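The values are calculated or read from the model by the stated rules, or taken from the named source; none is laboratory data. Everything quoted here is computed from the prediction, not taken from an experiment. Ideal geometry is used to build each Cβ from the backbone, glycine not excepted, and the neighbour counts take in all protein chains shown. For the accessible areas, the whole protein counts, side chains as well, though only heavy atoms, and no ligand, DNA or RNA atoms are used. Shrake-Rupley method; radii C 1.70, N 1.55, O 1.52, S 1.80 Å.
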Amino acid sequence: MQTEVKEKPVYAVAASVQLPHVSDIEFEASLAELRELAKTLGYTVVRTFIQKRASFDTTGYLGIGKRQEIEHYAAHEAECEIEAILVDHEISPSQARNLEKETGCGVMDRTMVILEIFHNNARSRAAKAQVEIARLGYMAPRLREAAKLAGPQGRQRSGVGGRGAGESHTELDRRKIRDRIAELQLEIVAMEAERKTQRARRHERQGLASVALVGYTNAGKSTLMRALTGSEVLVANKLFATLDTTVRTLHPESVPRVLVSDTVGFIKNLPHGLVASFKSTLDEALDAGLLLHVIDASDPGFERQLEVTDHVLAEIEADTLPRLRIFNKIDHVGDAVAQAACEAELRTRYPGCVVMSARRPEEVAQLRLAIIAFFQKDLIEAELFLPWSAQQLRKDIYAACEVLGESADEAGALFKVRGEPAAIERLREAFSGISGG
């Protein structure tokens with residue numbers, strides 16, 4: 001029996017500077033999102049350091065006093081080893097280097113955290129290439145700082161194999177990065193044609209019932225995924241060897257069997273340079289027969305997020321897919337009266353939407369029925385005759401269809417089934433060549 005592997009926890013602290021124009025609500029929302037992103041990467045944030053300043057410190061992002069406070073906490077107060085400081089802004093290479101030197105902890109800024117998540121979520125070749133371009137672009141200006149940290153010994157390199165005597169490591173590495181980015185961009189252009197062909201093939205074999213969850217990181221997608229697939233109650237998650245662990249079966253199993261996949265979450269303050277790589281990591285959404293667009297009903301800024309999601313899905317040509325809007329976290333809206341009022345307003349503004357909480361089993365069960373109904377609407381009922389000489393094919397009928405009834409005579413068994421027209425046709429063809437003898 002397969003059990004889930006528990007990874008060793010990696011501990012980090014979060015740090016952020018609140019500038020005068022940023023409201024407390026915006027500031028806390030961004031920090032909460034950073035902690036959520038950190039969790040996605042496998043970090044446990046044990047403490048958050050915040051500072052109000054008129055501007056970022058040019059030397060080390062935070063003021064000197066706050067940097068010393070972090071150093072003291074990491075060295076003396078923390079009950080675990082602090083592996084990294086996660087900074088809720090994009091900071092310059094020199095700020096990161098100084099912060100690292102003064103606190104003794106590795107530093108990851110917001111952009112780097114997001115890049116690592118995209119890197120882990122990139123599945124297709126095109127997505128991997130886009131993410132690599134973004135990572136290389138991020139790394140290039142940071143090479144000089146890495147060389148400073150390494151000290152003078154490794155900075156010069158002899159002319160052998162280089163452009164000229166004494167070309168620096170940094171210059172050579174930067175040239176390598178430029179060449180690699182150019183190479184990847186050519187690959188992406190070549191892949192475009194290939195992806196169009198794959199998409200056409202995908203539409204042909206749309207027989208596989210699959211659902212993809214899309215939406216912002218804090219909308220509760222993972223909770224909904226676990227609730228729909230029963231992965232928190234199953235000790236051995238029914239994972240498919242050929243599919244990534246983010247794909248599970250709708251539980252309890254249905255006919256047709258429905259696969260549910262979680263996609264990389266949208267992020268509020270997505271750095272501009274990462275937009276292309278983010279879109280390419282959403283590729284798996286295009287494989288789905290139905291998109292579940294999960295929205296946090298309790299977030300005051302959900303309308304803007306909804307617009308952004310719609311816009312991005314249109315850009316990656318996923319706006320033609322059937323979509324179900326799910327307003328989640330209704331239980332966070334307030335008391336029962338507030339929840340009812342919010343639900344009524346959402347249903348009026350977004351006809352056909354689902355308003356629910358992923359933590360209420362009865363509402364998850366209703367959503368599950370709605371998903372199954374979507375995939376069953378094209379099913380037909382039919383009769384299949386299987387001679388006694390071919391009873392080894394019974395399992396194929398049960399695998400492809402829902403068996404509604406079975407009767408038998410001396411020639412064989414007659415099955416009354418419900419299934420997809422193409423699947424029933426395939427079975428008919430397979431059985432037609434078998435004689436009743």
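Summary table
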| read-out | value |
| --- | --- |
| Amide H within-cut-off set for V260, under 5 Å, with H built and near neighbours excluded | V211, R248, T249, L250 |
| Vicinal HN-Hα couplings computed from phi for region 56-65 (Karplus, 6.51 cos²θ - 1.76 cosθ + 1.60; Hz; Gly/Pro x) | 5, 5, 5, 7, x, 6, 8, x, 4, x |
| Beta bridges per DSSP with both ends in the chain, % antiparallel, nearest 5 | 35 |
| Accessible area of the chain belonging to carbon and sulfur atoms, whole % at 1.4 Å probe | 54 |
| Potential lengthening between L136 and R178 on full extension [0.36 nm per residue; Cα-Cα distance subtracted] | 14.3 nm |
| Relative contact order, percent, region 341-437 [alpha-carbon distance under 8 Å, six or more residues apart] | 26 |
| Semi-axes of the equivalent ellipsoid for region 345-437, Cα gyration tensor, largest first, Å | 40, 13, 9 |
| Antiparallel bridge percentage (DSSP; both residues within region 316-437; nearest 5) | 90 |
| Accessible surface, the chain, averaged per residue in Å² (probe 1.4 Å) | 52 |
| Ranked order, I188, I85, I434 - accessible area, probe 1.4 Å, largest first | I434, I188, I85 |
| Cα→Cβ-extended label distance, 7 Å offset, between H272 and D319, nm | 2.3 |
| Accessible-area value, K66, 1.4 Å probe, nucleic acids and ligands omitted, Å² | 40 |
| Out-of-range pairs (alpha-carbon distance over 18 Å; input K66/K268; K52/K268; K329/K377; K395/K416) | K66/K268; K52/K268; K329/K377 |
| Cut-off 15 Å (backbone N to label point 7 Å along Cα→Cβ of A422), residues of region 378-400 | 378-380, 400 |
| Contact order normalised by residue count of region 53-144, Cα under 8 Å, 6+ apart, percent | 26 |
| Pairwise Cα inverse-distance average, inverted: Kirkwood Rh of the chain (Å) | 25.5 |
| Coordinate range along principal axes, alpha carbons of region 1-127, Å, largest first | 54, 36, 29 |
| Under Karplus coefficients 6.51, -1.76 and 1.60, residue-wise ³J(HN,Hα) of region 376-385 in Hz, glycine/proline x | 8, 4, 9, 6, 10, 9, 8, 10, 10, 9 |
| Whole-number percent relative contact order across the chain, with pairs defined as alpha carbons under 8 Å at least 6 apart | 12 |
| Per-pair calculated FRET efficiency, R0 = 45 Å: D24 and A399 via Cβ, rounded to 0.05 | 0.20 |
| Nearest-10 value in Å² for the accessible area of I25, using the 1.4 Å probe | 130 |
| Gain in span if fully extended, E303 to E102, counting 0.36 nm per residue against the direct Cα distance | 68.2 nm |
| Whole-Hz couplings from phi, Karplus 6.51/-1.76/1.60, listed for region 350-357; x for Gly and Pro | 10, x, x, 6, 10, 10, 7, 10 |
| Cα lying deepest toward the dipole's positive end in the chain, options P300, H332, N121, charges on Cβ | N121 |
| Sequence of R47, R67, R248 from largest to smallest accessible area, 1.4 Å probe | R47, R248, R67 |
| Accessible heavy-atom area order of D287, D24, highest first, probe of 1.4 Å | D24, D287 |
| Proximal aspartates and glutamates to K279, defined as alpha-carbon separation beneath 16 angstrom and excluding residues fewer than eight positions away on the same chain | E116, E132, E192, D262, D287, E307, D310, E315, E317, D319 |
